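Just so you know, all these numbers are worked out from the coordinates, no wet-lab data involved. Keep in mind it's a predicted model, so treat the numbers as computed, not measured. Cβ placement follows ideal geometry from the backbone for every residue including glycine, while neighbour counts extend to all protein chains displayed.
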Amino acid sequence: MSLGRRAFLQFVGGAIGGTLLTPIPWKLADDSAIWTQNWSWRPSPERGEITEATGTCLLCPGGCGIQVRLVNGHRAIYVKGNPDHVVNRGGLCPVGAAGLQYLYAPYRVTQPLKQTGKRGDPKGFQPISWDEALKVVAAKLTELRQKGQPHAVACLTGQSRSSTADLWKQFFAAYGSPNLYTMPCHSDSTRLAVALATGQEADLAFHLEKATYVLNFGAPLLEGWASPTRAQRLFSRWQTEQPGVPETEFVHVEPRCSLTASKADRWIACNPGTEAALALGIAHVLIREKLFDAAFVADQVFGFEDWTDAAGAQRKGFKALVLGKYSPQDVASLTGVDAEVIQELARQLARQKNAVVLWGPPTDTPNNLYHDLAFLALNALIGAFSSKAMISLVPPQPWQALPDPAMDMEAFKGQGQKPLGQPASTPKTKVRPNTVHAFFNALANGEEYPIELLFIHEANPAYGLPENALAVQALQKAGTVVSFSSYLDETSAYADLILPNHNAFERLDDVIGLPGAPFAFYAVATPILSPQYDTKATGDVLLSLAKALGGTVAQSLPWKSYQDLLKLRAAQIAQAGSGTLVDATFDPASVAPGAPLKPNFSKASDVWRKLTSGLCWVDAPQALDRYATPSSRLELACQGLLASVSANAGDELFMAHYAPLNPSGDAGELPLLLITHRSLSLAPGYVPNAPFMNKLLPDDLLLQQDVFVEVHPSTGKKLGLRPKAKALLKTPRGEAAVRVRFAPTVPAGVIALPEGLGHTAYDEYVQGKGVNANAMVEVQLDPVTGLGTVWATRAQLRLA
Amino acid sequence: MSGNAHSEHAAGKVRYGMVIDLDKCTGCGACAVACQQENNIAFRPDESNKLRTISWLTLYRLENGKDYPEHREAMLPRPCMHCDSPHHAPCTFVCPVNATVRDEHTGIVDHIAVRCIGCRYCMVACPYHARSFNWWDPKWPKTMEAMLSPEVSPRMRGVVEKCTFCHHRLNRARDRARINGEDPDGVEYTPACVEACPTGAITFGNLRDPHSQVAKLAKDPRAFRILEKLHTEPKVYYLSSEQWIHKQSDNDLS
């Protein structure tokens, strides 16, 4: 059969027409459209019912209320601030907002692990059952106690504001070891200063809500100070015009142009580490021009005038010291701040009715004791402690603490041992000096006595301790290291046993006290979702260890579960009948020290129900009308130091004075000064930077593997560097490759390095980025308190 | 599209906009973190190549250019400006496939990733660098897939994405309004960044509602917009009492 041209065309035409009449082409077009959108390798998030759970953020001691959105009750997808919460009223910090990336982190420890290889070998970890792991630890504890060495057990916890910390205290008291430490922070030194000046064990509470003038010596208010979100809100409050409320003037003193410095109403740039000298210079002007609160000083202050010590020796007072040594001209040459500016600041400070002085190092580390005392003294002079009550004291435990531990002979003997490495000269006050560095030092060098069992709880000293190499050495020297970390971090890598804690979103816990806040505070953190892995709350682990030990240890920790202990707290609140359960409507400015708030609760069950629903318990701080010092006054000359400072010591050793510790190293070889700083988008603590937060880092802070140090352009040019150039940073503690950011944020001769980078553990999203600032800085032990202070380190920067 | 094409109201009664108070902003980045988790924004181990990174809300550092100790810095969060210029925003004008369009009932400039062909004309056109391109398929660590939101689809390699003013939250708010028998147009809602800000620096709402906080703040003497000279009519306003910050608003942001 032949097919003519015409027939062919007819056939083709018919075929096209026929096909178009069928659904085939439309179906194919539709399918291919769907197919192009069907990317099977791209995750399709599971859908379902969306609910919200309320809790408290445990990622720092800031106590923020959170609400977490869940899909089908088991998939947490979004954290936001609880708008009804007294601390944060809806806002969050970036670490809290990125919190779920820790919950779902690939570097979580999913079950108890035992190191079967050499310590520090990441491949040596093998699963072990909870029963077996607890048996091992209990056996070790029993053995050490039988050998009469309970003090050879030590613990470092990073969670100092939770009932777990109290459990540790109770456990160590009953077991018989003095070696319980918390990760170092600024309150380590302020608590000692407060104990010496006021005779009380308490945290300082700043009434910043009613302040009209805030003079801040270096505290990183906007970079994560105290309760970071609360600090942010305070700053915002100062920036908001409110009818009838005088505006708050915020003056910031710091060597570096931090964000706080940039955002302050006025920034006073001073030489690194000289903030205390400036405070004393201001005190000089206040005294010389009689601008200080004379009535308060005459009535309630000891040591302002010359005094006689217990041995009958005549001592110079604060007035004579400050007038003699800290004239504006003298201070100007120390600090680099003009004498006129010092006078002007003093007069401004004196003019204000509600002025307060804040202070703190840029990286929450203990401060030089005498410097803490200087800022306390300045606050005393402006009357911040007087009836104006711009500063008051909040005891670390708002109510009766746990029942006294039952202690047998072993416990008494062990507790009576000197904490490992603690210098004999530490002041004898109600506050136990938290001498972490001295402890690690002695442990690393094998001094005094060995540590056979070291617990590490919610802390990462192998990364986060200034001079972290010391922690690594110490970890290697300890007999057995037991980590409770939820994550495979730098420290748990050196553990023999990891008993993973629930993550911050999975556990029931609490927050006792809000750093810096002018009220007593208690919040309960309820679990947001059930544990993802085979983990156990450390509180419960401790209770079961105590039970396994039996005897007085078990008697001292009688609670069946950690939850029972928290319920006891609620019962204590109900019983004390003081304080109020509040939401966001609570105004801290309405609290007056010494005027306890009326309770709005009755039964313990009522308190528990409200606490677990996101309400917080608050109460007024103590009124500062009685001082438990030898003179029963606020002591500018601390008689408490008589016991630890030698009797023929100079008069100024009892008082605030400018006492910088010289950084080590040769100034010729290491001509620059390295200072470190924090930022809210770089997590410096127990948790590393989440991937969400790494995205925020600008490319002149982190470029691939390299961190940038800030250098003043004039210094950079002198060193032969160019912007973004690769350079070698050298300090007495180490050497590291960095890049250079030319920035007029620091004075000539100073370089600034951010904290929070340079992790070596975790996963590819975290590790190998930049340099760990803790490995570069030099720690200097305060000669009085023995605490490890950090202020500046000699350094060299040269072209790589 | 928000699906309100059938609205009885005249188009243009609602214009969602934002005012960011730079005096209050501390550059902490909580807004940008909240944005990332709300919108399933992908991340990679190295995020330091800013030409390759995906960011809907970027924090820029502004400097006053003076030497120490007169030096000052400020942070400027930059979401999509949702330009309100007549007829078209710069990006919608150039899109060959209508993947990015402005909803004239809300003023929101949306981007529909599955329509996008990845030509990136819009990225070139946008004077604010508000758009990002997916150079790779998004990949989350296996355990982190559990925290992906079902309300926003993860995008794929080869498409552009950008801030949507949390459009899905608007849809949810509109649904709620309908259920409650209220008028869904001009309904109030809060994008993730606004919700997260600890200092309350970001205000969001209907710019055409004279009683709204956002409309009042947009008329504040401290208010300015970035690159006004281009007449893109951004719906994101900034507040600052610093003259040096105002002066930088007409520079480009690179």
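Structure values in brief
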{"item": "Least to most buried among A:Trp617, A:Trp225, A:Trp130 (fewest other Cβ within 10 Å first)", "result": "A:Trp130, A:Trp225, A:Trp617"}
{"item": "For residues of A:542-551, the mean tally of beta carbons on other chains within 10 Å", "result": "0"}
{"item": "Amide N proximity, the stretch A:694-726 versus A:Ala737 label position 7 Å along Cα-to-Cβ, cut-off under 11 Å", "result": "A:705-707, A:726"}
{"item": "Shape call, the stretch B:180-248: gyration tensor on alpha carbons, a/c limit 1.5", "result": "prolate"}
{"item": "Distance cut-off 24 Å, percentage of C-alpha pairs in the stretch A:467-594 lying past it", "result": "50"}
{"item": "Cβ-defined net charge surrounding A:Leu70, 14 Å radius [Lys, Arg +1; Asp, Glu -1]", "result": "-1"}
{"item": "A:Asp763-B:Asn180 FRET efficiency (beta carbon distance; Förster radius 30 Å; 0.05 resolution)", "result": "0.10"}
{"item": "Overall form of the stretch B:16-248 per C-alpha gyration tensor (a/c, 1.5; a/b vs b/c)", "result": "rounded"}
{"item": "Total charge dipole magnitude, the stretch B:16-248, about the Cα centre, Cβ charges on Lys, Arg, Asp, Glu only, Debye to nearest 20", "result": "560"}
{"item": "DSSP-assigned coil residues among GluC sites (Glu not before Pro) in the stretch A:681-768, each with at most 15 further Cβ atoms within 10 Å", "result": "A:Glu764"}
{"item": "By average C-beta atoms within 10 angstrom, highest first, the peptides B:105-114, B:168-177", "result": "B:105-114, B:168-177"}
{"item": "For the stretch A:50-103: Kirkwood Rh in Å [reciprocal of mean 1/r, alpha carbons]", "result": "11.0"}
{"item": "Shielding of B:89-100 by partner chains, average beta-carbon count, 10 Å", "result": "0"}
{"item": "Cross-link pairs beyond the 18 Å C-alpha cut-off, checked among A:Lys695/B:Lys50; A:Lys477/A:Lys547; B:Lys13/B:Lys229; A:Lys210/A:Lys353; A:Lys353/A:Lys388", "result": "A:Lys477/A:Lys547; B:Lys13/B:Lys229"}
{"item": "Fraction of antiparallel bridges per DSSP, the protein assembly as shown only, in percent to nearest 5", "result": "65"}
{"item": "Whichever aspartates and glutamates have a C-alpha closer than 13 Å to that of A:Lys135, once near sequence neighbours (fewer than 8 apart) are set aside", "result": "A:Glu143"}
{"item": "Neighbourhood net charge (14 Å Cβ-Cβ; Lys/Arg +1, Asp/Glu -1) for A:Leu180", "result": "0"}
{"item": "FRET efficiency estimate (nearest 0.05) - Cβ-Cβ, B:Arg115 to B:Lys13, R0 30 angstrom", "result": "0.65"}
{"item": "Residue-span extension gain [A:Gln397 to A:Gln10] - 0.36 nm each, minus C-alpha spacing", "result": "129.7 nm"}
{"item": "Anisotropy class of the stretch A:672-799 from Cα gyration tensor, a/c 1.5 cut", "result": "oblate"}
{"item": "GluC sites (Glu not before Pro) restricted to the stretch A:406-474 and DSSP loop, no more than 12 other C-beta within 10 Å", "result": "A:Glu447"}
{"item": "Distance between the stretch A:645-662 and the stretch A:105-145 - C-alpha centres, whole angstrom", "result": "47"}
{"item": "Theoretical ellipticity at 222 nm over chain A - DSSP helices of four or more residues, -39500 (n - 2.57) apiece, nearest 500", "result": "-9000 deg cm²/dmol"}
{"item": "Percent RCO, i.e. relative contact order, over chain B, from Cα pairs under 8 Å lying at least 6 residues apart", "result": "28"}
{"item": "Sites A:Lys353 and A:Glu447, calculated FRET efficiency, Cβ-Cβ separation with R0 51 Å, nearest 0.05", "result": "0.45"}
{"item": "Per residue convex hull volume, Cα atoms of chain A, in Å³", "result": "237"}
{"item": "For the stretch A:327-424, alpha-carbon Rg relative to the globular expectation (2.2 N^0.38 Å, N residues)", "result": "1.67"}
{"item": "Debye, to nearest 20: dipole size of chain A, +1 on Lys, Arg Cβ, -1 on Asp, Glu Cβ", "result": "1420"}
{"item": "Average other protein chain Cβ within 10 Å of Cβ, residues A:98-106", "result": "5"}
{"item": "Peptides ranked, highest mean first, by Cβ atoms within 10 Å: ranges A:253-261, A:767-775", "result": "A:253-261, A:767-775"}
{"item": "Ratio Rg/Rh [Cα only; Rh per Kirkwood] for the stretch A:219-259", "result": "1.01"}
{"item": "Cut-off 13 Å between beta-carbons: net charge of the residues surrounding A:Asn468, Lys and Arg +1, Asp and Glu -1", "result": "-4"}
{"item": "Set of lysines with alpha-carbon distance to A:Lys718 below 27 Å, sequence-local pairs under 8 removed", "result": "A:Lys726, A:Lys730, B:Lys66"}
